[in-house]
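In what follows, a structure is listed as structure tokens, so that the remarks can point back to it.
The values are calculated or read from the model by the stated rules, or taken from the named source; none is laboratory data. Since this is a predicted model, take the numbers as computed values, not measurements. Neighbour counts run over all protein chains shown; Cβ positions are idealised from the backbone, glycine included.
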Ligand code: HEC
């Protein structure tokens, strides 16, 4: 486990301009996403912005030691970190800790995200479908702390 699954240089060279593109989508419409997309879930377009905005603030490799040691920067890290890896079981959202921590009672100590908002239901469904469809996550796609996003 640990950082070995993560191509060394890939973190620093994270594709910021492309991340900015998909995040700009949200900024233009703060209620995004108001519905679950038709057709297959696209990791870069639908899932990455949700994870960056809601999770990466705590689940980046620098802050992870304070946050369950769970690192959500690459698929390899997401599959190998945390107290009981893997957090994602492709094809089975109901057994994936990534989903179960989000469906806990909001007052539960482990509930994620700590303060769900009213459009969280749609986002959760997108993440569930993404896992159900196999949790596809291209190897070169790296997630970063929201402060690393230079263009919104
Ligand atoms: C404000 C910081 C914060 C944010 C934002 C956050 N988490 Fe967490 N996360 C934590 C902390 C703290 C823990 C450890 C909780 C514990 O075990 O007591 C944790 C633990 C986890 C774990 C369990 C790791 C393990 O194996 O023990 C998963 C999975 C997880 N978070 C997923 C997410 C997801 C998905 C999001 C975004 C939807 C998210 N978290 C957002 C702080 C955060």
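What the table below lists for this structure:
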{"read-out": "All positions within the stretch 76-115 that are more than 9 Å from the ligand (Cβ to nearest atom), within 20 Å of residue 126 (Cβ to Cβ), in contact with a helix residue (DSSP H, G or I) (Cβ under 8 Å, 6 or more places away or on another chain) and not in a loop (DSSP other than H, G, I, E, B)", "value": "79, 93, 94"}
{"read-out": "Given (1) closer than 19 Å to residue 138 by Cα; (2) modelled with pLDDT of 95 or more; (3) not in a helix (DSSP H, G or I), index of the condition residue 69 fails", "value": "(1)"}
{"read-out": "Residues (within 11 Å of the ligand (Cβ to nearest atom), modelled with pLDDT of 95 or more and part of a loop (DSSP other than H, G, I, E, B)) located in the stretch 53-66", "value": "59, 60, 63"}
{"read-out": "Residue in the stretch 126-152 that is nearest to residue 87 (Cα to Cα), counting only those that are modelled with pLDDT under 90 and part of a helix (DSSP H, G or I)", "value": "146"}
{"read-out": "Residue within the stretch 10-19 that is within 21 Å of residue 124 (Cβ to Cβ) and either more than 11 Å from the ligand (Cβ to nearest atom) or at pLDDT 70 or above (or both) present", "value": "no"}
